[in-house]
Every structure is written in C-alpha cells, then in structure tokens.
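Everything below concerns the one structure shown next.
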C-alpha cells in the first residue's frame, strides 16, 4: 500500500487522521508521515486497514449488498454424484435487511452456507461471522 492508496482508504471511510490513527493504534503524526511518504506503511498496518475497512462495511446502513447462499451442502459425498446444489443471490439495500433475512433462514430453513458481499464482490460478512451475528441477535431480541 502506498501513500495515495492509504489516503484513499482513509477518505473512503470518512476518517480524520486522528480517527484513522486510533483505529490502527498509531498516532496522528504517524498517519501524516505515511500520507506524505515520509515513512513506509508497514505490512501490519496494511492488513489492519483491510480488517478495519471490512468492519466499517458491516455497519447496518452499508449497502447495497447481496445475500448469497446455497440450498444444500457445497461438498457432496462421493457416492451422491447426482445431487444438484443451487446458489442463490438476493440483493438488499443495506446490511440490516440482508442480516434480517439471513437470521430468518437460520431459524426456518436448511440453508447450508451463506455470506453477504458488496457490489465489487468483496465479502462483508463471511459465513461464521454471519452465524455468530444471528446467534447474538437471537439472544438479544432488541434487533
């Protein structure tokens, strides 16, 4: 990640240098140095940017997104050579709408694998995260 990519990342999330520094565990001066090209951006900071960006995209209002799921196991037993699995993709205006549907599936159907992705194909909520979020919502019924 170079200084221009880092600046683009920070601006796309709407973070000030101070906010970006807090998210990444560094000072505002460090962020300034990265953006001016004074110091190199460490690989650990690049990886942290990816994770912070993905968490930012998990906000309820982020969207549009697609809920992608299968109606059966993706990997079949070798003796079951004729089983067909269908991949479904449903578009939603935001994460909250997609999450609500994913949680309804968890309670009422045999959907095997599901995830939420953004327009460019990036994963916003992977399968295990989505399951944990549905469990969290089930145990705290305020959502």
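The values are calculated or read from the model by the stated rules, or taken from the named source; none is laboratory data. All of these numbers come straight from a predicted model, not from anything done at the bench. All Cβ positions, glycine included, derive from the backbone under ideal geometry; neighbour counts span all protein chains shown.
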*All but one of (1) touching a helix residue (DSSP H, G or I) at 6+ places or on another chain (Cβ under 7 Å); (2) farther than 30 Å from residue 92 by Cβ; (3) part of a helix (DSSP H, G or I) hold for residue 39, so report the exception by its number.*
(3)
*Quick one: is residue 92 within 23 Å of residue 134 (Cα to Cα), modelled with pLDDT under 95, assigned by TED's automatic domain parsing to the domain that holds residue 129 and under 20 Å from the mean Cα position of the chain (by Cα)?*
no
*Determine whether segment 63-77 contains at least one residue that is assigned to a loop (DSSP other than H, G, I, E, B) and modelled with pLDDT of 95 or more.*
yes
*Got at least one residue in segment 47-58 being at pLDDT 95 or above, in a loop (DSSP other than H, G, I, E, B), within 18 Å of residue 137 (Cα to Cα) and touching a helix residue (DSSP H, G or I) at 6+ places or on another chain (Cβ under 7 Å)?*
yes
*How many residues does segment 9-36 contain that are within 21 Å of residue 124 (Cβ to Cβ) and either in a helix (DSSP H, G or I) or in the same structural domain as residue 100 (by TED's automatic domain parsing) (or both)?*
9
